[in-house]
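To start, the structure under review is shown below, and the notes come after it.
The values are calculated or read from the model by the stated rules, or taken from the named source; none is laboratory data. Predicted model only: the values in this text are computed from it and were never measured. Methodologically, a virtual Cβ is constructed for each residue, glycine included, from the backbone with ideal geometry; neighbour enumeration extends over all protein chains shown. Ligands, DNA and RNA are excluded from the accessible area calculation, which covers all protein heavy atoms including side chains. Shrake-Rupley method; radii C 1.70, N 1.55, O 1.52, S 1.80 Å.
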Amino acid sequence: MSVLIVGSTALDSIKTPRRACAKLLGGSASHASVAASFFAPVKMVGIVGSDFPTRYIALYRRHGIDLAGLQRVEGRTFHWSGEYEVNMNNRRTLTTELGVFEQFRPALPPTHQTTPYVLLANIAPALQHHVLDQMRRRRFVVADTMDLWLRIARADLLRLLRRVDALVLNDSEARDLAGTDNLFTAAARIRRMGPRYVVIKKGEHGAVLSCPDSLFVCPAYPLARVTDPTGAGDSFAGGLVGYLASVKGPVERHLRRAMVYGSAVASFCCEGFGLSRTDRITRADIDARVAELERLARF
Ligand code: AMP
């Protein structure tokens with residue numbers, strides 16, 4: 001089954017202690033769509049400006065991503081820049097230039113409105129609502145978010161939680177949203193706000209899945225060297241939803257394995273700047289890391 005992914009489509013300028021790279025292909029929808037494309041057909045919804053390089057369109061196409069929902073308009077593409085400290089868990093946003101994003105009102109083509117699996121990747125909650133308003137017969141909806149929306153659009157986000165099946169967020173966002181330092185308490189509280197499933201990402205320490213009757217602790221793939229973690233969270237969510245769309249039967253039965261797949265794709269994302277590493281992998285590479293994670297976690 002196919003996956004609809006809405007989010008940011010951006011040019012990212014990234015600085016790490018070792019290197020700086022300008023105007024890489026980035027954005028939550030780009031990372032998530034490429035990650036999901038290893039498992040299922042992807043329809044991406046986003047907006048880019050007239051400065052968006054054709055080689056990035058070619059990259060989307062190489063991964064079979066349906067671009068009927070990608071608007072191309074006059075103006076500048078969303079540009080985000082960030083800088084990492086030596087400890088790459090710490091990142092500072094330097095600039096966020098919205099450009100054409102300011103006028104973004106996603107209008108779904110009729111072919112997109114009945115897509116069974118939906119990933120509302122990180123983007124303003126009002127836009128995530130706008131996409132859901134246009135969907136019919138959806139089977140499973142996952143939303144991602146970020147600290148910015150908790151600060152400036154909390155009411156919209158709280159309303160969104162009542163409309164989604166699963167929420168993916170990182171540990172500090174979960175603590176903020178739930179008003180507690182304990183992650184397991186936070187996950188349970190967030191589930192009471194609406195989503196049946198809550199996934200809390202903990203970077204290099206993996207992720208936790210909280211279900212109504214169970215808990216799953218998913219390892220992160222142990223990388224010896226991280227080049228650029230930008231987009232790892234988006235890749236995780238994309239891999240997770242893509243995997244769910246590729247298997248049969250009740251979603252709950254597959255969620256744990258879907259998280260491990262998300263974790264494996266995210267690990268590749270961290271090994272190169274932007275999408276450079278993820279662009280070059282195959283499903284077999286991902287399967288090999290999943291098998292390794294399975295061996296590592298067995299006891
Ligand atoms: P992550 O590393 O998973 O937090 O995701 C990083 C990606 O998020 C980058 O590729 C950025 O282009 C994108 N991004 C940064 N700020 C925003 C924002 N305010 N809205 C949507 N996407 C953003």
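When Leu275 is tested against (1) surrounded by fewer than 24 Cβ atoms within 10 Å (Cβ to Cβ); (2) assigned to a loop (DSSP other than H, G, I, E, B), exactly one condition is not met: (1).
Can you say whether Gly203 is at pLDDT below 95 and open to solvent by 10 Å² or more (accessible area, probe 1.4 Å), as far as the supplied structure shows?
yes
Restricting the first member to the range 65-87 and to residues that are within 12 Å of Phe104 (Cα to Cα), and the second to residues that are in a loop (DSSP other than H, G, I, E, B) and aromatic (Phe, Trp, Tyr), the beta-carbon pairs closer than 6 Å and six or more apart or on different chains are Thr77/Phe52.
From the list Ala143, Ala107, Ala124, the one residue that fits, being at pLDDT below 95 and among the small types (Gly, Ala, Ser), is Ala107. Tell me, please, whether a residue that is buried (at least 17 other Cβ atoms within 10 Å of the Cβ) and of a type in the set (Ser, Thr, Tyr) can be found in the range 182-197. Scanning the range 182-197, I find at least one residue that is buried (at least 17 other Cβ atoms within 10 Å of the Cβ) and of a type in the set (Ser, Thr, Tyr), so the answer is yes.
Let's see how each residue does on (1) part of a helix (DSSP H, G or I); (2) among the polar types (S, T, N, Q); (3) open to solvent by 10 Å² or more (accessible area, probe 1.4 Å):
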| site | (1), (2), (3) |
| --- | --- |
| Leu4 | no, no, no |
| Ser8 | no, yes, yes |
| Ala32 | yes, no, no |
| Tyr56 | yes, no, yes |
| Gly75 | no, no, yes |
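Being out of contact with any strand residue (DSSP E or B) (no Cβ under 8 Å at 6 or more places or on another chain), without any contact (Cβ under 8 Å) to a residue 24 or more places away in the chain, open to solvent by 20 Å² or more (accessible area, probe 1.4 Å) and over 21 Å from Ala10 (Cα atoms) holds for only one residue in Val217, Val226, Val247, and it is Val247.
Total residues in the range 103-141 satisfying the condition of being within 14 Å of the ligand (Cβ to nearest atom), outside any helix (DSSP H, G or I) and in contact (Cβ under 8 Å) with a residue 40 or more places away in the chain: the figure is 7. Annotation for the range 256-263: no member residue is basic (Lys, Arg) and free of Cβ contacts under 8 Å to residues at least 12 places away in the same chain.
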